[in-house]
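Here is the structure we will look at, set down as structure tokens.
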Amino acid sequence: MQIYLDHNASTPVEARAAEAMLHCISGLPGNPSSTHRYGRAMRAFVERARQQVADLVSVQSSQVYFTSGGTEANNLALHTVTRRRAGGGRIAISAIEHPSVLEPAAALQSRGWHIDRLAVDTMGRVSGRTLAAQLRHDTALVSIMSANNETGVVQDIAGLAQQVRAAGAVFHTDAVQAAGKIPLNFEASGAHLLSLSAHKIYGPMGVGALIVDKSLELVPMLAGGGQEKGIRAGTENVPGIVGFGVAAELAANGLAQSNARQHVLRKRLETGLARYPEVTVFAQEAERLPNTVQLAVTGMDGETLLMQLDRAGIAVSSGSACSSGARDPSHVLLAMGVDPQLARGAIRVSLGRDSAEQDVDSLLAALDGQIQWLHKSGQVAGW
């Protein structure tokens, strides 16, 4: 039995995306910057994909800048705003951001920028009141993720962005986990900058995008050949971009059906988990991505539980795949006020398009086995 329930870490490349990439790789040679017919053919591949990604978030293709992934897109967003403000200032980020926002912010702090951490409530949400209290006259940028990679909690991006715009600051949202799982409309969101990653939506690794408001001009991080309208030097990863484009189109077309299926499966999982008083499901009362459940079993370490499930043929995560292996409790759960010991026991289940009822039932059976073992060993209070 092999069951993959770690789709927030990465998704398998969709067959049609892989076929399009193979067609690109095995077809004519050419550099998309070249003006001859081979170069023009490669440029056509890139521009078609740009339009497909634009359609996913309801923008014009000119607002899409391809990157190597979500991490580079997040870094480029922070880089752009801070380089345009030579005198320094303040940046506000939520306490639950992905490391690809937290670490660049820490680097900026070492260079004199003041970083304000936005607290979240017990469900992991940033409130308008919290944001308002942190906005200052010298706040240059606010970065709040659209949906959390661990808990799946969805933020009120439109409401928060409206506050930021009113304060005269730039608003960035990391939408890497939200894309393909909930509808995204860039203009309606009010964001100035939005980050995407292909491998979270059944595209290839190594490619992403930054979506940019027409009023904002990016500042390049790399010097070189002038690709991506001078913003990202280096020959484009054409096969990866092609795969991203196809994956984006399929994600947009299949969003409603996928959401409905995953809502049903998540309810099945959480109904099964409700039988066990020693199981905590985090942020269960908040609006969440339909595919994501973060839970902990009292008395069991998360890494231990993850390995036991892996032995049973079930792949889940103990948190963010980008910081896996860390023994510290999740910074997301700690920010939500979760007890550190319970936070250490957290695992994340993230369903995918092909997940089935049998997968959920197999996971519940495997968890039941682990809980029964805890009962027999006397490691659960009250047993």
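In table form, for the structure just shown:
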| item | result |
| --- | --- |
| In the stretch 1-25, residue nearest to residue 200 (Cα to Cα) [restricted to those that are surrounded by fewer than 19 Cβ atoms within 10 Å (Cβ to Cβ) and over 23 Å from the mean Cα position of the chain (by Cα)] | 19 |
| Residues located in the stretch 24-47, provided they are in contact (Cβ under 8 Å) with a residue 12 or more places away in the chain and either over 25 Å from residue 216 (Cβ atoms) or of a type in the set (Ser, Thr, Tyr) (or both) | 24, 25, 27, 28, 30, 31, 33, 41, 42, 45 |
| The stretch 356-379, residues that are of a type in the set (Gly, Ala, Ser) and assigned to a helix (DSSP H, G or I) | 362, 365, 366, 369, 377 |
| Residues of the stretch 173-203 satisfying the condition of being farther than 15 Å from residue 144 by Cα and among the aromatic types (Phe, Trp, Tyr) | 202 |
| Odd one out for residue 262 among (1) among the polar types (S, T, N, Q); (2) more than 24 Å from the chain's Cα centre (by Cα); (3) more than 25 Å from residue 40 (Cβ to Cβ) | (2) |
| Residue identified as at pLDDT 95 or above and part of a helix (DSSP H, G or I) among 178, 188 | 188 |
| Residue in the stretch 211-220 that is part of a strand (DSSP E or B), closer than 25 Å to residue 74 by Cβ and in the same structural domain as residue 39 (by TED's automatic domain parsing) present | yes |
| Among the residues listed as 228, 150, the single one being among the charged types (D, E, K, R) and either modelled with pLDDT of 95 or more or closer than 30 Å to residue 346 by Cα (or both) | 150 |
| Hits in the stretch 133-168 (condition: buried (at least 22 other Cβ atoms within 10 Å of the Cβ) and assigned to a loop (DSSP other than H, G, I, E, B)) | 144, 145, 146, 148, 149, 150, 151, 152, 155 |
| Residues satisfying the stated conditions in the stretch 26-37, i.e. within 26 Å of residue 200 (Cα to Cα) and surrounded by fewer than 19 Cβ atoms within 10 Å (Cβ to Cβ) | 26 |
| Some residue of the stretch 38-59 being closer than 17 Å to residue 242 by Cβ, crowded, with 20+ Cβ neighbours inside 10 Å and either of a type in the set (D, E, K, R) or not assigned by TED's automatic domain parsing to the domain that holds residue 150 (or both) | yes |
| Extreme residue, farthest from residue 75 (Cα to Cα), among residues of the stretch 155-184 that are polar (S, T, N, Q) and within 16 Å of the chain's Cα centre (by Cα) | 155 |
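The values are calculated or read from the model by the stated rules, or taken from the named source; none is laboratory data. Predicted, not measured: the structure shown is a model, and the values here were computed from it. Cβ coordinates were reconstructed from backbone atoms using ideal geometry, including for glycine residues, and neighbour counts include every protein chain displayed.
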